[in-house]
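The values are calculated or read from the model by the stated rules, or taken from the named source; none is laboratory data. Bear in mind that the values here come from a model prediction, so they are computed numbers and not experimental data. For neighbour counting, all protein chains shown are included, and Cβ atoms are generated from backbone atoms with ideal geometry for every residue, glycine included. What goes into the accessible areas is simple: the full protein's heavy atoms, side chains included, and nothing from ligands, DNA or RNA. Shrake-Rupley method; radii C 1.70, N 1.55, O 1.52, S 1.80 Å.
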Amino acid sequence: CGGLISNSSGMLQSPYYPGSYPNNADCVWEIQVENNFRVTLTFRDIELQSSRCWYDYIEIYDGPSHTSPLLGRICAGSFLTYTSSSNLMSVRFHSDSRYTSRGFQAHYSSIPADHNIALTCLPDYMHAVVSRDYLQSQGYSAERVTLNDTRCEPTLTPHEVVFNIPYNGCGTTREESNDTINYSNMIKVTSSGYIIKRKKDLHIHISCKMLQNRWMQIMYVAEDIADVNENQFGRYAVNITFYDSSSFLRPVRDSPYYIDLNQNLYLQAYLHSSDPNLMISVDTCVASPDPHDFNTLSYDIIKNGCVRDSSYDTYYSPYSHLARFKFNAFEFINRHTSVYLQCELAVCRLGDYSSRCYQGCLRRSKRDASSAQEKVDVVVGPLQLRERDAQSRNTG
């Protein structure tokens, strides 16, 4: 019931389809395909409680469900098709506590977007590409393409004009609102002519909008022809590394990492971003012997900011992009060959005391759908209990 889907195509259906779906369901699926592709979704079969969509219904959003335009709210019909304007679409299925029915089945796939202009929001910079054929078809020259800050020059290839624009330079502006951080810049294409000109300059406005842990990419063209809109979504890059002591000077490079029972394990989470006004915090860490299954057999070290293991502790971090913590190896490892950790890290604006990073322990856990929208998942491991014949592997 719900979750993140990253395949390029597949099926989507209500729980237990074609059997009756359960009461009080509230499922949110996020379908995210590759950058510069769009999502198309076709409902092959829909049979809900009522045709008026008051009690049981399906909602389709053009992006994340809590911030994006609603494309449709349906509860009956067949072969209804919806297409996103970006590489992310959300589908919400809701049922009340009364009658149930067969539910729905839908097929999704990815289709190429307009490749004349492409934008990718990477952790440290915006990667913008403009087709030279597109510029030529509109009467512009690739040699006259610049940024607001003309010192940041593009790379010209035989087919493209490529800009790598940092978030903290090249004239990029930063704007904050209640729940987003918006980084904006503008690519300028001046028309030819030294004394007079009869053609407007071309302005390509680009922006990367950060919503919790998600980057929304927006690009549009103004002042010459009909506006062109490009929307893409991405996710933060975060990694977690083991260190050999609480000084956090020497990272552990061994894989697997051989350890002793009750040994102190020191971990550092690092957020890759050029924006100094972001921070991360550890929300949840779960241990499991299976890197693909953290439900069947697992052990909570910290959950929703609430410490579950008495050996867990945090350390001072010199930078907001770092989070440091430790716990002790436990008996769990003695029963299995290896152990993996899955940690959820919240990404927030530095100094935003209403954000998740400053809230600490939350006794009431959020729905899975919202946690997928607000946190970054990282899996690390494996850890293995040290044996006599393996002791030399960690020497030095």
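A few points about this structure:
- Across the alpha-carbon set of the range 3-112, the Rg to Rh ratio works out to 0.96, Rh being the Kirkwood radius.
- Accessible-area composition of the range 3-112, carbon plus sulfur, in percent [1.4 Å probe]: 46 percent
- Dipole of the range 3-112 [Lys/Arg +1, Asp/Glu -1 at C-beta], most positive-end residue of Phe79, Pro22, Pro64: Phe79
- Summing charges over neighbours of Pro69, with a neighbour being any other residue whose Cβ is under 15 Å away from its Cβ, gives +2 when K and R count +1 and D and E count -1.
- Accessible surface, 1.4 Å probe, highest first, among residues Thr67, Thr150: Thr150, Thr67
- The range 83-102 and the range 29-82 have Cα centres separated by 5 Å.
- Rounded if a/c under 1.5, otherwise prolate or oblate - the range 60-107, Cα gyration tensor axes: oblate
- Thr81-Ser298 FRET efficiency (beta carbon distance; Förster radius 35 Å; 0.05 resolution): 0.30
- Cα gyration tensor category, rounded, prolate or oblate, for the range 254-314 with a/c compared to 1.5: prolate
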